[in-house]
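Visitor: Can you read through this structure? Questions will come right after.
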Amino acid sequence: METKPHAALPLPSAAIGFRPEFLDFRRGIRVGNLADHERITRILKLALEARYQQGFVTERWGRGVFWRWIAFLPRANREAKPLSSHVSFGCAKFFISVETEEKLFQCGLQIERGYVKAPRSFRACQLRPDWDWHRLLKGLRPGSPLERELRRLILREGFGLHAGSWETEIAQFSKANFPGVAKLRRLLAAAPQTQWAGFQLFYPMTEGEVRSATGLDLVESMLAVFREVTPLMNLVMQIELPEPTQED
């Protein structure tokens with residue numbers, strides 16, 4: 001994917017203190033013991049809110065100084081859900097993650113199904129009728145706008161895809177083995193009901209690529225990826241984010 005050098009930033013470029021080593025391929029994304037101008041959660045949240053002129057909610061997986069996964073979702077989309085306005089599981093979201101086993105940094109779009117039959121202790125994670133997951137499955141049909149966006153991002157821009165259950169061996173796709181939307185829909189629909197399932201569309205970066213970039217380069221790349229997946233995100237949400245111009 002060709003990144004753009006003019007992604008919207010919340011602070012003057014010289015004031016952004018994020019550094020490549022904050023993406024630690026053994027421990028995760030460093031968020032603790034940093035100044036505000038160094039913390040990627042604050043930098044990206046402010047940038048997204050400036051770009052789209054609305055509030056975003058930050059979610060994360062991890063604890064302490066290093067987190068493995070961080071996500072940002074439009075607050076208005078969550079509030080629009082009549083049954084699930086109090087949880088974020090049903091919302092499409094931008095995400096970043098460090099995969100310590102694969103040694104990859106991933107940045108993109110995530111849509112969760114959660115459980116169809118949730119364990120008693122995870123009732124809030126059970127799929128509800130107002131989750132964005134349903135619009136994703138409905139849109140996965142030949143000739144649809146969602147198919148056009150998937151083919152553009154995977155076949156032309158080099159994005160990867162994780163799909164299905166996250167508790168067993170999740171299916172992984174790229175330009176080399178993209179199965180088409182009909183097979184993808186069947187795969188997602190067949191994910192075991194008692195297991196957590198989801199859909200991640202992401203742009204991958206190796207440890208070497210991260211280390212060879214500057215902190216500002218990485219922030220701009222993350223925002224460029226979010227811009228690229230915005231049209232697809234709009235196809236599955238109850239609200240619509242304004243698609244940014246090349247200057248945003």
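The values are calculated or read from the model by the stated rules, or taken from the named source; none is laboratory data. Note that the coordinates shown come from a computational prediction; the quantities given were computed from them, not determined experimentally. Neighbour counts are summed over all protein chains in view; Cβ atoms, including those assigned to glycine, are modelled from backbone coordinates with ideal geometry. What goes into the accessible areas is simple: the full protein's heavy atoms, side chains included, and nothing from ligands, DNA or RNA. Shrake-Rupley method; radii C 1.70, N 1.55, O 1.52, S 1.80 Å.
Visitor: Filter the range 111-126 for residues that are open to solvent by 10 Å² or more (accessible area, probe 1.4 Å) and either farther than 11 Å from Q195 by Cα or among the aromatic types (F, W, Y) (or both) and give the result.
Guide: Listed by number, the residues that qualify are E112, Y115, R120, S121, F122, R123, A124.
Visitor: Find the residue count for the range 62-96, including only residues that are in a helix (DSSP H, G or I) and open to solvent by less than 50 Å² (accessible area, probe 1.4 Å).
Guide: Residues flagged as in a helix (DSSP H, G or I) and open to solvent by less than 50 Å² (accessible area, probe 1.4 Å) within the range 62-96 amount to 3.
Visitor: Give the range 176-185 a look and list any residue that's closer than 10 Å to L161 by Cβ and surrounded by 14 or more Cβ atoms within 10 Å (Cβ to Cβ), or say none.
Guide: First, the residues of the range 176-185 that are closer than 10 Å to L161 by Cβ: 177-179, 184.
Selection gives F178, P179, L184.
Visitor: Name the residue that is nearest to S88 (Cα to Cα), counting only residues in the range 26-77 that are among the basic types (K, R) and in contact with a Gly (Cβ under 6 Å, 6 or more places away or on another chain). Outline the logic, then answer.
Guide: We begin by selecting, within the range 26-77, every residue among the basic types (K, R); these are 26-27, 30, 39, 42, 45, 51, 60, 63, 68, 75.
Cutting the leftovers down to in contact with a Gly (Cβ under 6 Å, 6 or more places away or on another chain) gives us 68, 75.
Values: R68: 18, R75: 9 Å.
The residue in question is R75.
Visitor: For residues in the range 130-157 being among the charged types (D, E, K, R) and under 15 Å from E112 (Cα atoms), which is most open to solvent (accessible area, probe 1.4 Å)?
Guide: Filtering first and then ranking leaves K138.
Visitor: Here is a list: A213, A224. Which entry is in contact (Cβ under 8 Å) with a residue 24 or more places away in the chain and assigned to a helix (DSSP H, G or I)?
Guide: A224
Visitor: Find all pairs meeting these conditions: Cβ atoms under 6 angstrom apart; at least six residues apart or on different chains; first residue within the range 37-48 and surrounded by fewer than 19 Cβ atoms within 10 Å (Cβ to Cβ); second residue in a helix (DSSP H, G or I) and at pLDDT below 95.
Guide: Sorted first by the residue in the range 37-48, then by its partner, the pairs are H37/A15; R42/D36.
This table checks each residue for (1) of a type in the set (F, W, Y); (2) more than 30 Å from E207 (Cα to Cα); (3) in contact (Cβ under 8 Å) with a residue 12 or more places away in the chain.
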position	(1), (2), (3)
Q54	no, yes, yes
F66	yes, no, yes
K81	no, yes, yes
Q110	no, no, yes
S144	no, yes, yes
L161	no, no, yes
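Visitor: Next question. Answer yes or no: is there a residue in the range 38-47 that is at pLDDT 95 or above and among the small types (G, A, S).
Guide: Looking through the range 38-47, at least one residue is at pLDDT 95 or above and among the small types (G, A, S).
Visitor: Report yes if M237 is crowded, with 18+ Cβ neighbours inside 10 Å and closer than 21 Å to E99 by Cα, otherwise no.
Guide: no
Visitor: Go through the range 68-107 and report how many residues are charged (D, E, K, R) and within 19 Å of G55 (Cβ to Cβ). Before the answer, list the steps.
Guide: First, pick out the residues of the range 68-107 that are charged (D, E, K, R): 68, 75, 78-79, 81, 93, 99, 101-103.
Cutting the leftovers down to within 19 Å of G55 (Cβ to Cβ) gives us 75, 78-79, 81, 93.
Residues meeting the conditions: 5.
Visitor: Moving to a separate point now. So which of L232, L216 ends up being in contact with a strand residue (DSSP E or B) (Cβ under 8 Å, 6 or more places away or on another chain) and among the hydrophobic types (A, V, I, L, M, F, W, C)? So that I can check it myself, show each step before the final result.
Guide: Values: L216 fails: in contact with a strand residue (DSSP E or B) (Cβ under 8 Å, 6 or more places away or on another chain).
Residue meeting the stated conditions: L232.
Visitor: Being touching a Leu at 6+ places or on another chain (Cβ under 9 Å), open to solvent by 50 Å² or more (accessible area, probe 1.4 Å) and among the hydroxyl-bearing types (S, T, Y) is the filter; apply it to the range 186-233 and report the residue that is nearest to L150 (Cα to Cα).
Guide: Top of the filtered list is Y203.
Visitor: Ok, one more. Could you list, in sequence order, the residues of the range 227-236 that are within 11 Å of the chain's Cα centre (by Cα) and either under 16 Å from G160 (Cβ atoms) or not in a helix (DSSP H, G or I) (or both)?
Guide: Residue satisfying the conditions is V229 alone.
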